[in-house]
Amino acid sequence: MNIRKTLQQTVDRFRDKPGIIFEEQTIAFWEVQAQTLKLANALRTCGVSKGDKIAIYLPNSPEYIYSYLACFHLGAVGVPLDFMLKSDELSSCLGHSETKVLIAKDRTDVDLGQIQEAVESLQTIILCGEKAAETEGSQYLWYNDLIAEASTDLPEETIADSDPALIMYTSGTTGKPKGILLNYKHLEGSPKAMEYFVDLTDNDIKLAAIPLSHIGGFIYVQNSILFGITLILMDRFNPFKFLENIHRYKVTCFHIVPAMYNAILSLKQIENFDLSSLRWVVVFGAPSSPETLKRFHQYCPNAKFLNGWGMTETCPPNTVTPMDSDNIASVGKPAPSCSIAIVDEDSNELPAGEIGEIVISGWVIMDCYYKDPEATAAMKRDGRLHTGDLGRFDDEGFLYIVGRKKEMIKVAGQIVYAPEVESAFYKNEKVAEVAVIGVPDELRGEAVKAFIVLNEAGQALTAEELRYFAKEHLAHFKVPQHIELRNELPKNRTGKIDKNLLKNEALTQ
């Protein structure tokens, strides 16, 4: 995908239209282009050339978007990093990716100077924000200074579809990094899928609260420059401000993860906001509860609710509910850019109705895990990517996500899928959030444990009452042996419930 050409076409059509609105600042599309060209030239003065790695370590901001686009103008490789990463994780990703230039915002708990000393490839750090007394005269370059001196006259770069474009690290990276390498052709994957699944137009206004370092956040950037959509950008997700932005800017569409819907529904003030501008909303990133979506729908009855699924490794979304369907229990049907099948442990395809691993084939599959041939070979086999997700097709071709292979819980030889148990609890309107895991059990091998957060109306409920409720909706072996009531559940930066942390806590109890 030629990002420079795409952005130019959008500027030609929508020059003065707001491209980004961020913290009261409105940025027209022509200015998005000008800032991008200036940054690209500034990076060239820092010695960046085609194929070099440029890491981005910022909170959500216009500078994050300019950094993405400048990389693609130069034929460089963007390395978007979560701003919540700490020093060890950051050093690990920068070293593994062989980053040459880091565009960052300073943090008190991260020593960028120490990181630069530790990462051999890292030649230049560009800091965003105001100069602080302690960093004045340091070895860093300053983003604003570079932009002020830069020209918008940028030479054209010849870029092939097969050239590397992004190394995206999986969320919560610890230990050995796993970087997903995508090429410039892959940059077309998500926009083509969105074009197929939904009716985006330049009249739409999208609201982005997902970290731009995540593929779900990056899709917002692609949508904006390809379709001429105004992007309302939040530095982070806040349920009250999210609703406030929908109300204020007449937002027409967004995509968020299930836990974000739960957080929004927990607000008493939700009824005070006008959400009638919403045309469609998408839930993605984790198995979702139809009950939760139905509850949210009552506050925005004009909106079409869609369920979607995909992975960073496969240029999501790979499936989305068709616009003419109300089957939100399913994650929809596949995009034309990929082929999806359900296979058993021996990679044999299974018929409709049977549960197995979801595998994907097509040009949207990642090139590899960067510098990790073993992990690549384990994931990409026989021309297909083995997702690790379990699912099934129905007779009409709708795909249903059952859960991750690692979320299978074996209770005395019986298979329990965690999302199925979670979905049962969500039928209770007094349950705000739930996470189900398997814990060791001497008698059964594994036992089912549920962590539950109750909303204000359910504060009087006990664990036993919840277990009784579950018995009305689940086979006896699926009913949790252990229920722990909590005030909140831990989340990762994309808003998903952090089940790994819950598992580690359970093992140490």
If you check every pair at least six apart or on different chains, which have Cβ atoms under 6 Å apart with a residue in region 461-489 that is over 15 Å from Val448 (Cα atoms) first and a residue that is of a type in the set (Asp, Glu) and surrounded by 15 or more Cβ atoms within 10 Å (Cβ to Cβ) second? Leu489/Glu433
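Tell me which residues, restricted to region 77-88, are among the β-branched types (Val, Ile, Thr) and within 13 Å of Lys178 (Cα to Cα).
Filtering region 77-88 for residues among the β-branched types (Val, Ile, Thr) gives 77, 79.
Across region 77-88, the qualifying residue is only Val79.
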Out of the residues in region 1-31 meeting the condition of being under 18 Å from Gly75 (Cα atoms) and not in a loop (DSSP other than H, G, I, E, B), tell me which one is nearest to the chain's Cα centre (by Cα). Ile3
Residue under evaluation Ala193, criteria (1) farther than 17 Å from Met260 by Cα; (2) in contact with a helix residue (DSSP H, G or I) (Cβ under 7 Å, 6 or more places away or on another chain); (3) not β-branched (Val, Ile, Thr), criterion not met: (2)
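Here's the yes/no breakdown for (1) basic (Lys, Arg); (2) out of contact with any Gly (no Cβ under 9 Å at 6 or more places or on another chain); (3) surrounded by fewer than 20 Cβ atoms within 10 Å (Cβ to Cβ):
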| residue | (1), (2), (3) |
| --- | --- |
| Leu200 | no, yes, no |
| Ser224 | no, no, no |
| Val281 | no, yes, no |
| His297 | no, yes, yes |
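Scanning region 247-261 for residues that are part of a helix (DSSP H, G or I) and more than 20 Å from the chain's Cα centre (by Cα), which turns out surrounded by the fewest Cβ atoms within 10 Å (Cβ to Cβ)? First the steps, then the outcome.
Going residue by residue through region 247-261, those that are part of a helix (DSSP H, G or I) are 247-249, 258-261.
Still in the list and also more than 20 Å from the chain's Cα centre (by Cα): 247-249.
Details: His247: 15, Arg248: 13, Tyr249: 16.
Step by step, filter region 247-261, then rank; the result is Arg248.
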Pick from Ala70, Ala28, Ala76, Ala40: which is in contact (Cβ under 8 Å) with a residue 40 or more places away in the chain and among the aliphatic types (A, V, I, L, M)? Ala40
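So if I check each of Ile401, Ile437, Ile452, Ile415, which one is surrounded by fewer than 19 Cβ atoms within 10 Å (Cβ to Cβ) and among the aliphatic types (A, V, I, L, M)? So that I can check it myself, show each step before the final result.
On the way: Ile401 fails: surrounded by fewer than 19 Cβ atoms within 10 Å (Cβ to Cβ); Ile437 fails: surrounded by fewer than 19 Cβ atoms within 10 Å (Cβ to Cβ); Ile452 fails: surrounded by fewer than 19 Cβ atoms within 10 Å (Cβ to Cβ).
It is Ile415.
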If we keep just the residues of region 340-372 that are under 20 Å from the mean Cα position of the chain (by Cα) and in a loop (DSSP other than H, G, I, E, B), which is nearest to Thr99 (Cα to Cα)? Tyr370
Look at region 438-465 and say how many of its residues are within 12 Å of Gln481 (Cβ to Cβ) and aliphatic (A, V, I, L, M). 6
Based on this model, can you work out whether Leu243 counts as at pLDDT 95 or above, over 18 Å from Phe284 (Cβ atoms) and assigned to a helix (DSSP H, G or I)? yes
For Ala432, indicate whether it is outside any loop (DSSP other than H, G, I, E, B), within 15 Å of Pro480 (Cα to Cα) and at pLDDT 90 or above. no
Go through (1) within 23 Å of the chain's Cα centre (by Cα); (2) at pLDDT 95 or above and name the single condition Ala375 misses. (2)
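Tally the residues that are among the charged types (D, E, K, R), under 20 Å from Lys178 (Cα atoms) and modelled with pLDDT of 90 or more, restricting the search to region 89-123. Spell out how you get there, then give the answer.
As a first pass, look at region 89-123 and keep what is among the charged types (D, E, K, R): 89, 98, 100, 105-107, 109, 111, 117, 120.
Applying the additional criterion that residues be under 20 Å from Lys178 (Cα atoms) yields 89, 98, 100, 120.
Imposing the further condition that a residue be modelled with pLDDT of 90 or more reduces the set to 98, 100, 120.
Final tally of qualifying residues: 3.
Might you check whether a residue that is closer than 27 Å to Ile437 by Cβ, outside the structural domain of Leu454 (by TED's automatic domain parsing) and in contact with a Leu (Cβ under 7 Å, 6 or more places away or on another chain) occurs anywhere in region 380-389? I'd like the intermediate steps shown before the answer.
Keep residues of region 380-389 that are closer than 27 Å to Ile437 by Cβ, which gives 385-389.
Applying the additional criterion that residues be outside the structural domain of Leu454 (by TED's automatic domain parsing) yields 385-389.
Restricting the remaining residues to those that are in contact with a Leu (Cβ under 7 Å, 6 or more places away or on another chain) gives none.
No, region 380-389 contains no residue that is closer than 27 Å to Ile437 by Cβ, outside the structural domain of Leu454 (by TED's automatic domain parsing) and in contact with a Leu (Cβ under 7 Å, 6 or more places away or on another chain).
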Every listed condition ((1) buried (at least 19 other Cβ atoms within 10 Å of the Cβ); (2) among the charged types (D, E, K, R); (3) part of a strand (DSSP E or B)) holds for Lys410 save (1)
Taking Ile365 as meeting all but one of (1) on the phi > 0 side of the Ramachandran plot; (2) modelled with pLDDT of 90 or more, write down the number of the exception. (1)
Matching residues, region 319-349, being in contact (Cβ under 8 Å) with a residue 24 or more places away in the chain, surrounded by fewer than 16 Cβ atoms within 10 Å (Cβ to Cβ) and either closer than 16 Å to Thr387 by Cα or among the acidic types (Asp, Glu) (or both): Ser347
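The values are calculated or read from the model by the stated rules, or taken from the named source; none is laboratory data. These figures come from a predicted structure and were not determined experimentally. Note: ideal-geometry Cβ built from the backbone for every residue, glycine included; neighbour counts use all protein chains shown.
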